[in-house]
Amino acid sequence: MTSRGYISLIFTMRRDSQPIEPQFTRRGVLHGTVCAGFALGSPLPALASAGPDDTLSAIAASRGLSFGSAISARWLGNDRFAGLIARECDTITTENSLKWKYLEPDRSRRKAAPAKALAEFARQQGLATRGHCFVWNHDNRMPQWLVEMTSELRPGHRRPLTSRMWRHAAYLGRVFPDISSWDVVNEAINPRNGDLRDTALHRLMGEQFIDLAFKMMKRKAPKAQLVYNDTMSWDASPLHRNAALRLLERLLSRNVPINALGIQSHLGNTLGRPRDESGWRLFLEEVKAMGLDIILTELDCSDRNVDHPDKARRDTETAAYTRGYLDLTLDFANVKQIILWSLTDATSYMNRPGYPDYKRRADGLALRGHPYDDRWQRKKMHTAIGNALRAAPRR
């Protein structure tokens, strides 16, 4: 290794011409460059200094919590980002690469290299991995070929679909055996009316598709935590909260092997406006009474509702809002983990092409929804999250 500590990520070939896993070293990740078969990030300024005791994962661990971030494999090619993840996190979530739509874009081909690279990075850095997700209850978020096949089936003739689901679950369990937690079903509920979303899966099987998905993953990933994940936070309407509670009750009454509720926690919708904190506390109390753990699976805070262009002011308001949410939510000891949906503004999905215009700032400025900015420097949100973790009851 060179004096700069470059990390080598080398694909060698087996005799059957299948690439073996990339090799990462922790020293290389923390001090050097990852060279991968994914897009390399541009050289960026050095990271803000961080001692071993003020990283968010270290603070979380001191209270019995876990901390991590979703990441995309293409960012493993940026030395600063890889080092930041290795230092701040104890867990990663596969942002897109394990979503069925991306993993199996057509019925005869899998695109597994990005997910395998993330899993290997996590393994060699000693990080846990969360798998996201087995079934996403949106027709446009599942493989198009699967939706078309399902739509052609008649009620009572679901075997072609369930066979593909079993095959997919078996593949995930076999190829990614070290994944410690799975979002088994994602966003089953329509938040506007509280019903299950009208999708090909639901039309064919009704609510039983959820039961079946959990039972499949329990069989094929028996050691993993199994999670129902939904797009909610204290911004959720009473209708949405109640629908989620009743769904969880029904699943538990049928002995569906669910271990935890994933609360995505994309914050900012009510920033600057009143919010129903008492209703949120009652919701958390009901989930706790069911005996389920809670994971905050996709935490961030959009500043689109901060009506001022100044970065410092925007960062102050999002930090305070995030701190308030975490202070209330972490008061419940069954909340065991916080996962960010990006650690930095530089890697944020909020600023990518295709992000909906109605979720962007009216002045066109880039959103600043994460603990590190677009130059890899800590923001006030980092301090807010750290202080909320320090104040949380010990698990």
Report task. Return the residue satisfying two criteria in turn: it lies in the range 172-185 and is touching a helix residue (DSSP H, G or I) at 6+ places or on another chain (Cβ under 9 Å) and without any contact (Cβ under 8 Å) to a residue 60 or more places away in the chain, and of such residues it is surrounded by the fewest Cβ atoms within 10 Å (Cβ to Cβ). Result -> R174
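If we scan the range 82-96, do we find a residue that is touching a residue at least 40 places away in the same chain (Cβ under 8 Å), among the basic types (K, R), surrounded by fewer than 24 Cβ atoms within 10 Å (Cβ to Cβ) and more than 22 Å from D53 (Cα to Cα)?
No, because not a single residue in the range 82-96 is touching a residue at least 40 places away in the same chain (Cβ under 8 Å), among the basic types (K, R), surrounded by fewer than 24 Cβ atoms within 10 Å (Cβ to Cβ) and more than 22 Å from D53 (Cα to Cα).
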Report summary line: Within the range 206-253, the residues that are touching a residue at least 12 places away in the same chain (Cβ under 8 Å), in a loop (DSSP other than H, G, I, E, B) and within 17 Å of W136 (Cα to Cα) are E207, T231, M232
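Residue-by-condition table, conditions (1) in a loop (DSSP other than H, G, I, E, B); (2) hydroxyl-bearing (S, T, Y); (3) in contact (Cβ under 8 Å) with a residue 60 or more places away in the chain; (4) closer than 22 Å to M232 by Cβ:
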residue: D300; (1), (2), (3), (4): no, no, yes, yes
residue: D315; (1), (2), (3), (4): no, no, yes, no
residue: T318; (1), (2), (3), (4): no, yes, yes, yes
residue: G324; (1), (2), (3), (4): no, no, no, yes
residue: W376; (1), (2), (3), (4): yes, no, yes, no
residue: A384; (1), (2), (3), (4): no, no, yes, yes
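Here is a yes/no grid of residues against (1) under 20 Å from the mean Cα position of the chain (by Cα); (2) not aliphatic (A, V, I, L, M):
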{"site": "L251", "(1), (2)": "no, no"}
{"site": "S265", "(1), (2)": "yes, yes"}
{"site": "R273", "(1), (2)": "no, yes"}
{"site": "K288", "(1), (2)": "no, yes"}
Requested in this report: Need at least 3 residues that are among the hydrophobic types (A, V, I, L, M, F, W, C), modelled with pLDDT of 95 or more and within 30 Å of L296 (Cβ to Cβ) per element, so show me which helices (runs of 4 or more DSSP H) inside the range 8-101 make the cut, counting only ones lying wholly within it.
Outcome: 56-62, 79-88
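The values are calculated or read from the model by the stated rules, or taken from the named source; none is laboratory data. Small disclaimer: the values here were computed from a predicted structure and weren't measured. Here the Cβ is made from the backbone with ideal geometry for all residues, glycine too, and neighbour counts use every protein chain on show.
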